[in-house]
Structure formats: structure tokens, C-alpha cells
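Below you'll find the structure, written out as C-alpha cells, and then a few comments.
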Amino acid sequence: MKHNGNIFLVGPMGAGKTTIGRQLAKSLGIAFFDSDKEIERKTGVSIPMIFDYEGEPGFRKRESEVLDEITLQSPIILATGGGAIIQQANQACLRERGFVVYLQCNVDTQLSRTRKDSNRPLLKTENPRARLEELYRYRDPIYRDLADFTVDTGRYSSRAAIHRILAAFNQFSPEPRP
């Protein structure tokens, strides 16, 4: 099922998954989904509110349900939440149902891109840098293991990253895309 035209974007918050995902979907003429937005749409409440009422375990359960549902569709572009890869079931779902792209970026880039975003419950801490560094140390090896392709979004513009993703996807996929 990996050759179904799906591209799944994984990586830390602030890596550009939603921005690049929207542009990628537009260039390919296929549907785009953001798993966090889908969770908010289904629940009718914000991610921070889910964290407030259900904690991270409750959010992760909802996230797994949404990922399982969305990834059955094809062809799609999916921007996952940064922590979606924590759950083994999510890793299997992504690995088996599409081309996984790790959008990598360093902590300085993440801080710059997320500093004014109040919709990041994991950054509601006295030291966001330390939290991002901790998350990076834990998650980076998982992202790398899961990914079919990696692109550094701190190094490349969105347009250049998309070109690199499409080139890698065309080599991966039996049917070339524009």
C-alpha cells in the first residue's frame, strides 16, 4: 500500500509540516490534511483544551484514532503532529500507508517559528528551549528511522524542500508525479 500516492510529513513543531504540506498538496492537486486540525474539527475544541482536560495521554489516543482514519485515504498529503511518532501503532500506520518525509530543523529554527504560537501546549514551560532540546533528543532517532526521506527545512526554502520531496517521491513511486 506504500505506492498509493500518500506523502506523510513528520517532524518537530515549527519544522514547516503544515506550510509545506499545503503547498505540496496544491502542486499535486490532491487533498491535504493536518492531523491536529482534524482532531480539533472532530472534537470541536482546541488542542490546548484537550491537553487541559485529558492530558497528553488523552490527546495521544485521539491522535492515533485520527491518524488511522486519515491514512486509509489516498492520495493525500498529511502533516502529522510532532509527537505522533511516539506511538508504535502510529509508526506502523505511517510506514505501511505512505511515503514518510522527515522535515528536520534545529532548535533555534523551531524557537523562532513557534515563539508567538499559543497553540503549543508542550511549550508552556519556563524554558521552551530546554523542552525543545529534550523533545529533539528523544524524537529525532524515531523520525530518522521512520522516514523514507529527510529534508532540512532550516536549510532549504519551502519551495526547494518541495522540489526535493517530489524528486525523492518520484524515485520511490512507480508512477511519476509533476
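Listed values, structure above:
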read-out	value
Residue ID - nearest to the chain's Cα centre (by Cα), chosen from residues in segment 81-114 that are hydroxyl-bearing (Ser, Thr, Tyr) and closer than 16 Å to ARG137 by Cα	TYR102
Test result for ASN119, at pLDDT below 95 and surrounded by 14 or more Cβ atoms within 10 Å (Cβ to Cβ)	no
Test for TYR156: is it surrounded by 14 or more Cβ atoms within 10 Å (Cβ to Cβ) and either at pLDDT below 95 or farther than 13 Å from MET13 by Cβ (or both)	yes
Residue count for segment 72-83, restricted to those that are surrounded by fewer than 23 Cβ atoms within 10 Å (Cβ to Cβ), within 29 Å of PRO128 (Cβ to Cβ) and at pLDDT 95 or above	0
Any chance ASP145 is at pLDDT 95 or above, on the phi < 0 side of the Ramachandran plot, surrounded by 14 or more Cβ atoms within 10 Å (Cβ to Cβ) and of a type outside the set (Val, Ile, Thr)	no
Some residue of segment 1-14 being charged (D, E, K, R), more than 14 Å from the chain's Cα centre (by Cα), in a loop (DSSP other than H, G, I, E, B) and surrounded by fewer than 16 Cβ atoms within 10 Å (Cβ to Cβ)	yes
Among residues of segment 101-116, those that are loosely packed, with under 14 Cβ neighbours inside 10 Å, at pLDDT below 85 and of a type outside the set (S, T, N, Q), counted	2
Output for segment 40-65, where each listed residue is more than 18 Å from the chain's Cα centre (by Cα) and not in a helix (DSSP H, G or I)	GLY44, VAL45
All positions within segment 22-39 that are in a helix (DSSP H, G or I), closer than 20 Å to ILE86 by Cβ and not β-branched (Val, Ile, Thr)	SER35, ASP36, LYS37, GLU38
Enumeration of residues in segment 35-44 that are surrounded by 14 or more Cβ atoms within 10 Å (Cβ to Cβ) and more than 20 Å from LEU94 (Cβ to Cβ)	GLU40, THR43
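The values are calculated or read from the model by the stated rules, or taken from the named source; none is laboratory data. Keep in mind that this is a model prediction, so the values were computed, not measured. Cβ: placed from backbone, ideal geometry, glycine included. Neighbour counts: every protein chain shown.
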